[in-house]
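Heads up: the structure comes next, in structure tokens.
The values are calculated or read from the model by the stated rules, or taken from the named source; none is laboratory data. Since the model is a prediction, treat every value here as computed from it, not as a measurement. Quick reminder, even Gly has a Cβ in these numbers, built from the backbone with ideal geometry, and neighbours come from all protein chains shown.
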Amino acid sequence: MSRILVIKLGALGDFIQALGPFAAIRRHHARDEITLLTTSPYVAMAQASGLFDRVATTERLPWWRFGAWLGLRSWLRGEGFQRVYDLQTSDRSSALFRLMKPGSGPEWSGIARGCSHPHANPRRDLMHTVDRQREQLQAAGIADVPAADLSFLKADLSRFGLPARYALLVPGGSAKRPEKRWPADHYVALARLWLAQGILPVVLGGRDELALAEAIAGLANGGRSLAGETSLAEIAALARGAAGAVGNDTGPMHVIAAAGCPVVVLFSAASDPALCAPRGPSVTVLRRDRLGDLPAAEVAAALPMR
């Protein structure tokens, strides 16, 4: 039995898009012990997936925390990993390769200089995350990488008391990137169109988006806000029952799309869907340089409600 380390630190959308590669690594190393190194927000999901024997955590360490870096180095070297799959492929994760020195260290799939199984495609940064990771694993001898499977994320939704016909709105996103958000009044207009069709608009978001979600639900005169109330498992379960979903380029839309819900994801000039759009069986991307120029009627028409 070999000891395998997989590195994936975040963010949410990136973690969801790594579920297919995780499953491929698990299948390839069926008899080996696999440890995931991640950050605390993703521990519960990683454990629920059943793809890892162990889950370890780290944090974003500033360079001056020498003691923490030495502790991480001691752990990495002491675990005796035979192979590492660095699916983060950042300067931060590549630094872990250097922490293994001196010595031969484990086989390493990633972009760290001098690693045994480099993803050497010079155009890798122009590839979608899913395609890039698939090609990286192929270079390491893993040919078959499936789509993300969120079937392990299950939840009882009865406490929400939702009707049979509802659709999801995800109007939030990074507070530091307001240009990635479709304006709130456009979400209100879309919610009103859904209500006219007998579909309840359900607004999702984090606790820091409570005011936004409640405003949209209230101004729509009949919407429902679940902001701050849903776990990732509940978001996946909501997605399985929803008629459709519309949202910004933000993490929960990756969960909703991968769970099989028909989605329309809205992109501005601030991000490129060719590199990071959610993947799923029914994903439509609409893009405008300024999202305020995208009318609600066009978004409604683009969503294939089920």
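For the residues L266, L232, the requirement of being within 16 Å of L169 (Cβ to Cβ) and in contact with a Leu (Cβ under 9 Å, 6 or more places away or on another chain) singles out L266. Of the residues V283, V255, V299, the single one that is over 24 Å from Q17 (Cα atoms) and crowded, with 17+ Cβ neighbours inside 10 Å is V299.
Which of the residues that make up region 156-179 are out of contact with any Leu (no Cβ under 8 Å at 6 or more places or on another chain) and either in a loop (DSSP other than H, G, I, E, B) or under 23 Å from L212 (Cα atoms) (or both)?
Residues of region 156-179 out of contact with any Leu (no Cβ under 8 Å at 6 or more places or on another chain): 156, 158-159, 161, 164, 173-178.
If the condition is that a residue be out of contact with any Leu (no Cβ under 8 Å at 6 or more places or on another chain) and either in a loop (DSSP other than H, G, I, E, B) or under 23 Å from L212 (Cα atoms) (or both), then D156, R159, G161, A164, G173, S174, A175, K176, R177, P178 are the ones that fit.
Against the numbered list (1) free of Cβ contacts under 8 Å to residues at least 12 places away in the same chain; (2) at negative phi; (3) not aromatic (F, W, Y), R92 comes up short only at (1). Got a number for residues in region 80-103 being surrounded by 13 or more Cβ atoms within 10 Å (Cβ to Cβ) and more than 28 Å from the chain's Cα centre (by Cα)? Count: 1.
Look at (1) under 24 Å from F22 (Cα atoms); (2) in a loop (DSSP other than H, G, I, E, B); (3) more than 26 Å from the chain's Cα centre (by Cα); (4) of a type in the set (A, V, I, L, M, F, W, C) and you find that A112 fails only one, number (3).
Residue check: is R98 among the charged types (D, E, K, R), farther than 30 Å from W182 by Cβ, at pLDDT below 95 and out of contact with any Leu (no Cβ under 8 Å at 6 or more places or on another chain)? Criteria met by R98.
Results for (1) among the β-branched types (V, I, T); (2) more than 19 Å from L150 (Cβ to Cβ), shown as yes or no for each residue.
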site: A215; (1), (2): no, yes
site: L232; (1), (2): no, no
site: A258; (1), (2): no, no
site: A269; (1), (2): no, yes
site: D272; (1), (2): no, yes
site: V285; (1), (2): yes, yes
site: R290; (1), (2): no, yes
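Which of the residues that make up region 198-219 are in contact with a helix residue (DSSP H, G or I) (Cβ under 8 Å, 6 or more places away or on another chain) and buried (at least 23 other Cβ atoms within 10 Å of the Cβ)?
Just the residues of region 198-219 that are in contact with a helix residue (DSSP H, G or I) (Cβ under 8 Å, 6 or more places away or on another chain), to begin with: 200-205, 212, 215-217, 219.
P201, V202, V203, L204, G205, I216, A217 - these are the residues of region 198-219 that are in contact with a helix residue (DSSP H, G or I) (Cβ under 8 Å, 6 or more places away or on another chain) and buried (at least 23 other Cβ atoms within 10 Å of the Cβ).
Counting only helices (runs of 4 or more DSSP H) that sit wholly inside region 192-306, those with at least 1 residues that are under 19 Å from L162 (Cα atoms) are 210-219, 232-241, 251-258.
When the residues of region 11-43 are filtered to those that are surrounded by fewer than 16 Cβ atoms within 10 Å (Cβ to Cβ) and either in contact (Cβ under 8 Å) with a residue 60 or more places away in the chain or touching a Pro at 6+ places or on another chain (Cβ under 8 Å) (or both), the one that is farthest from D272 (Cα to Cα) is R27.
Test of understanding: among A148, A155, which residue is within 24 Å of G280 (Cβ to Cβ), in contact with a helix residue (DSSP H, G or I) (Cβ under 6 Å, 6 or more places away or on another chain), crowded, with 19+ Cβ neighbours inside 10 Å and at pLDDT 95 or above? Outline the logic, then answer.
Values: A155 fails: crowded, with 19+ Cβ neighbours inside 10 Å.
After applying the criteria, what remains is A148.
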